[in-house]
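Structure, as structure tokens:
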Amino acid sequence: MSGFLVNASLISLLTLIAILALRLHRLFAVVMLSGAFSLVAATLFVVLDAVDVAFTEAAVGAGISSILALATLSLVPAEEKPHSIAFVPAFLALATAAMLAIAVTDLPAFGDVNAPIHNHVAPEFIKGSADDIGIPNVVTSVLASYRGYDTLGETVVIFTAAIAVLLVLGGYTRPHRRKEKRRKNGEDKDAR
Amino acid sequence: MQDDPVIRVISKVMIPTVMLFALYVQFHGDYGPGGGFQAGVIFASAFVLNAMIFGLNRGRHVWPAHLNLLAICAGVLLYGLTGVASLFLGANYLDYDVLGATAKSGQHIGILLVEFGVGLTVASVMVALFFTFAGRPTHVRLLSKMQAHEGARPPAPKDEAKSEAKTKATKDNKTGAHK
């Protein structure tokens, strides 16, 4: 019963924050709300016993993402432009949500031992982790050893993203080009 | 913000604590929740906090950009080369069994190295992203200041009068178009 109460209040809090974030036009408030959303989602993951995911969500979603969004906020206007509802995208989103809601009823119950996800490679990993790898945190042994390729891919994704951002926004231009630009600007001003 | 004694004193306590906690999350990831990704983000947040309180320039001084680029690449390289090392020792790529005396100690070493690579890349990427985004407004402001300075060198009042006339003209045009 208490578990149901905790889940229900967390989910309704999530929904409330999401609706508020949609309704508000002040971007600062929206950034703060998205941080709060991540924090509530992290709490929900703790309730689901996914402590590692909760940790990541709290650190990345509520922490560094909010800071990056705030840093971006200093480059854009403080308020979102008022706009009317776009009906075709709204219809598409609602239709997708309805289909997902119907699909959820077909999923196995939460924690069902006979669910396919628990009968593929998971038992092997959970049973073998102590003998093969010998560390108590099975999440780490799956992440770093059994699924080492995937984590290498994730690291390369982060690496690529950073390189892309640095190339576009980092201000790495060739020195002679910068000079040329300045000269051009100066000429334009003189001409005026 | 560095003039506020409360913020300065608290940040001096907080920043080392945050970094220590990040190291704990990094190297205790085998035993509790945590690992390279979380630790990297937490470690980066210490530098972000430092830059937010003491200014971007001092933040850049603490973690220079060229070292940051090196760290971004070194993390991915450490991960990839751990796999290459196991290749050279006669196992599959990223099979850590052969890295130590026993299979288990090999796995320990491999996971430690790989997680450290992830942490290094994530931390330096987060710092780089923050400095890039936060550094932009000052960059833009500086540029506009420079341009204003350059524009001020020719007789200023004339320019102003001209620009005023121009804005008036465009306004008139706009209102005309509306009518």
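The values are calculated or read from the model by the stated rules, or taken from the named source; none is laboratory data. As the structure is a prediction and not an experimental result, all values here were calculated from the model. As a convention, Cβ positions derive from the backbone with ideal geometry for all residues, glycine included, and neighbour counts pool all protein chains shown.
Some notes on this structure:
- Taken residue by residue, the range A:124-135 has at least one member that is of a type in the set (A, V, I, L, M, F, W, C), more than 29 Å from A:V31 (Cα to Cα) and surrounded by fewer than 14 Cβ atoms within 10 Å (Cβ to Cβ).
- Residue pairs whose Cβ atoms lie under 6 Å apart, sitting 6 or more positions apart in sequence or on different chains, and linking a residue in the range A:139-156 that is facing another protein chain (nearest Cβ under 7 Å) and farther than 19 Å from B:V84 by Cβ to a partner that is of a type in the set (D, E, K, R) and surrounded by fewer than 23 Cβ atoms within 10 Å (Cβ to Cβ), are A:T140/B:D30.
- When the residues of the range B:120-139 are filtered to those that are within 7 Å of chain A (Cβ to nearest Cβ) and under 21 Å from B:H28 (Cβ atoms), the one that is surrounded by the most Cβ atoms within 10 Å (Cβ to Cβ) is B:V122.
- Residue list for the range B:23-47, restricted to those being modelled with pLDDT of 90 or more and facing chain A (nearest Cβ under 7 Å): B:F37, B:Q38, B:V41, B:I42, B:A44, B:S45
- Residue check, B:G117 in contact with a Phe, Trp or Tyr (Cβ under 6 Å, 6 or more places away or on another chain), closer than 19 Å to A:T140 by Cα and either surrounded by fewer than 21 Cβ atoms within 10 Å (Cβ to Cβ) or in contact (Cβ under 8 Å) with a residue 40 or more places away in the chain (or both): yes
- Qualifying residue in the range B:119-137 (condition: under 30 Å from A:T155 (Cα atoms), assigned to a helix (DSSP H, G or I), of a type in the set (F, W, Y) and at pLDDT 85 or above): yes
- Just one of the listed residues (A:A62, A:A95, A:A103, A:A86) is within 22 Å of A:V139 (Cβ to Cβ), within 25 Å of the chain's Cα centre (by Cα) and aliphatic (A, V, I, L, M), namely A:A62.
- Top-ranked residue in the range A:1-29 [being within 18 Å of A:I85 (Cα to Cα) and surrounded by fewer than 13 Cβ atoms within 10 Å (Cβ to Cβ); ranked as modelled with the highest pLDDT]: A:I19
- The range A:83-98: number of residues that are more than 17 Å from A:L22 (Cα to Cα) and exposed (fewer than 10 other Cβ atoms within 10 Å of the Cβ): 1
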